[in-house]
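Structure record follows, encoded as structure tokens.
The values are calculated or read from the model by the stated rules, or taken from the named source; none is laboratory data. Keep in mind that what you see is a predicted model, and the values were worked out from it rather than measured. Here the Cβ is made from the backbone with ideal geometry for all residues, glycine too, and neighbour counts use every protein chain on show.
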Amino acid sequence: MILSWSKLRSPLLSPLVSNFSTTRCCFQSMWKNVFYSVPHKDLFLAVRERIEENGVVAFQNASGVGIDGFLELILLYLQSTFVLFDGSYYVQRKGICIGSSVAPVLCDIYLAKFDRSLETALCQQVCKIYRYVDDYLVFLRGVGRSSLQNVVDDVMTVFKRCSPDLKFTYELQNGQYLQFLDLRLQFTGQHVCWRYNPRTKKEILPYDSAHSKLVKRNI
């Protein structure tokens, strides 16, 4: 699915505008090597819960296999990833292979379960939190510069408690500014500004490339 910037911008910024009077700063948190770090046990539990939430019978009728059989297939698939390095073969024993066709879906199912646990455990200073793949944008309310680091440390403690098998890093505002993916936010004493600001100036796709016009227009 290809989303235009206007469609992506609206759900991201509407709650920020509605909470404008209390939102004065934010920070971003990132997973470190999330695909290679997803624990299989918790992943299978998240997949099972997701299937049960949407109906076991409907899933069995559509796929022709039960939940246990489906999870066994996923396990077999994950345990069949190997690489050739320096003349030797190595089997990937942890996480999900990034190049796998099921990696984005499985990872998103696992992170969605993490998101639900996170929402119920965050402190009151968190105004709103967003996730894009493995990057989080956390908006804070009523937090001054002097107490910002303490609040961020508390939030990161919750992150680690909800998923102890994964590692996180974070980035604070640089003065008034915070760069989140291709969005640049500016926090002042009176207002919050945002603008589209790609991290890289490199062209996404040359205009004279052999890609179709449909691909070029969507980019």
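Just a few scattered comments:
- Checklist (1) in contact (Cβ under 8 Å) with a residue 60 or more places away in the chain; (2) assigned by TED's automatic domain parsing to the domain that holds Trp31; (3) outside any strand (DSSP E or B); (4) out of contact with any helix residue (DSSP H, G or I) (no Cβ under 7 Å at 6 or more places or on another chain) applied to Tyr136, failing item: (3)
- Positions within the stretch 60-116 being exposed (fewer than 13 other Cβ atoms within 10 Å of the Cβ) and hydroxyl-bearing (Ser, Thr, Tyr), in sequence order: Ser80, Ser88, Tyr89, Tyr90, Ser101
- Checklist (1) under 23 Å from Ile51 (Cα atoms); (2) surrounded by 12 or more Cβ atoms within 10 Å (Cβ to Cβ) applied to Thr120, failing item: (2)
- Being out of contact with any strand residue (DSSP E or B) (no Cβ under 8 Å at 6 or more places or on another chain), closer than 27 Å to Phe159 by Cβ and not assigned by TED's automatic domain parsing to the domain that holds Leu166 holds for only one residue in Ser88, Ser63, Ser100, and it is Ser100.
- Gln173 being more than 19 Å from the chain's Cα centre (by Cα) and surrounded by 15 or more Cβ atoms within 10 Å (Cβ to Cβ): yes
So that you can scan it fast, the table gives a plain yes or no per residue for (1) surrounded by 13 or more Cβ atoms within 10 Å (Cβ to Cβ); (2) basic (Lys, Arg); (3) assigned to a loop (DSSP other than H, G, I, E, B); (4) in the same structural domain as Phe139 (by TED's automatic domain parsing):
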position: Gln179; (1), (2), (3), (4): yes, no, no, yes
position: Leu185; (1), (2), (3), (4): yes, no, no, yes
position: Gln190; (1), (2), (3), (4): no, no, yes, yes
position: Lys201; (1), (2), (3), (4): no, yes, yes, no
position: Ile204; (1), (2), (3), (4): no, no, yes, no
position: Tyr207; (1), (2), (3), (4): no, no, yes, no
position: Ala210; (1), (2), (3), (4): no, no, yes, no
position: Lys216; (1), (2), (3), (4): yes, yes, no, no
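- Candidates Tyr110, Tyr90 - the one that is on the phi < 0 side of the Ramachandran plot and part of a helix (DSSP H, G or I): Tyr110
- Members of the stretch 174-219 found to be hydrophobic (A, V, I, L, M, F, W, C) and either in contact with a strand residue (DSSP E or B) (Cβ under 9 Å, 6 or more places away or on another chain) or closer than 30 Å to Pro39 by Cα (or both), listed by number: Leu178, Phe180, Leu181, Leu183, Leu185, Phe187, Val192, Cys193, Trp194
- Asn61 being without any contact (Cβ under 8 Å) to a residue 24 or more places away in the chain and under 20 Å from Tyr110 (Cα atoms): no
- Contact annotation: residue pairs with Cβ atoms under 9 Å, 6 or more positions apart or on different chains, pairing a residue in the stretch 159-174 that is β-branched (Val, Ile, Thr) with a partner that is in a strand (DSSP E or B), are Thr169/Ser29; Thr169/Met30; Thr169/Trp31.
- Residue in the stretch 159-173 that is in the same structural domain as Met30 (by TED's automatic domain parsing), assigned to a loop (DSSP other than H, G, I, E, B), at pLDDT below 80 and touching a strand residue (DSSP E or B) at 6+ places or on another chain (Cβ under 7 Å) present: no
The rows are residues; the columns are (1) of a type in the set (Phe, Trp, Tyr); (2) closer than 17 Å to Glu49 by Cα.
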{"residue": "Ile67", "(1), (2)": "no, yes"}
{"residue": "Leu75", "(1), (2)": "no, yes"}
{"residue": "Leu78", "(1), (2)": "no, no"}
{"residue": "Thr81", "(1), (2)": "no, no"}
{"residue": "Leu84", "(1), (2)": "no, no"}
{"residue": "Tyr90", "(1), (2)": "yes, no"}
{"residue": "Gly99", "(1), (2)": "no, no"}
{"residue": "Val102", "(1), (2)": "no, no"}
{"residue": "Val105", "(1), (2)": "no, yes"}
